[in-house]
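Novice: Before anything else, here's the structure in question.
Read the figures in this text as sums done on the coordinates, not as results from a lab. Here the structure is a predicted model, which means the values were calculated and not measured.
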Amino acid sequence: MPNLPEIVAAAPELEAIFRDLHANPEIGLGKVRTSGIVAAKLREYGVDEVHEGVGKTGVVGVLKGRGQGNRRVGLRADMDALPSQEASSVDYASRNAGKMHACGHDGHTTMLLGAARYLADLMQGWMRDICDGMGKAFGVTITVEFREIFDVLVNDQDLTDA
């Protein structure tokens, strides 16, 4: 099966994400940086809903798509590392003493982000295709622009608990 051009175009960014995750492993419920990166990338890619703090550091992205049915596809990736010292000499080796991605979760997370990017683009691409078709039919140019207008609300945990 040939590689899709959209996936090939995303490869440099995904490789950079993989190297960053590999170099900065986090363990268990301490995956604050990692989950923040995942959530930020999902938003950047245009995922409809991004829920953070699921089970403390979990992230759930929801793509609504264009259909009206109730069928869904779930994709899941593990993000945590292991309590082990990395002994490799790669330039993206773990910078966190006693922690490393020895189990491949850095790659797993990166692959899922790649899938999310592709699927989200397939839904943004569909919107652009509709606008292009309407523009041609009416002899006008339609520009599609997705903008984040508001920052995400982050509640102070101490005040929330009170």
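Novice: Over the chain, what is the relative contact order in whole percent, taking alpha-carbon pairs under 8 Å and six or more residues apart?
Specialist: Reported as a whole number, the value is 25 percent.
Novice: State the extension gain, in nm to one decimal, for the chain segment bounded by residue 60 and residue 90, taking 0.36 nm per residue of separation less the distance between their alpha-carbons.
Specialist: That works out to 7.7 nm of additional length.
Novice: Considering the chain as a Gaussian network with a 10 Å cut-off on Cα pairs, which listed residue, 14, 75, 122, attains the greatest mean-square fluctuation?
Specialist: 75
Novice: For residue 78 and residue 49 in the same chain, what is the full-extension length gain: residue separation times 0.36 nm, less their Cα-Cα distance, in nm?
Specialist: 8.5 nm
Novice: Another question, then. By a straight-distance test (C-alpha under 27 Å), which lysines pair with residue 31 as possible cross-link partners, with residues fewer than eight away in the same chain excluded?
Specialist: Partners within reach: 41, 56, 64, 99.
Novice: Give, in whole angstrom and from largest to smallest, the semi-axes √(5λ) of the equivalent ellipsoid of segment 5-123, with λ running over the eigenvalues of the Cα gyration tensor.
Specialist: Taking √(5λ) for each Cα gyration eigenvalue gives 27, 17, 10 Å.
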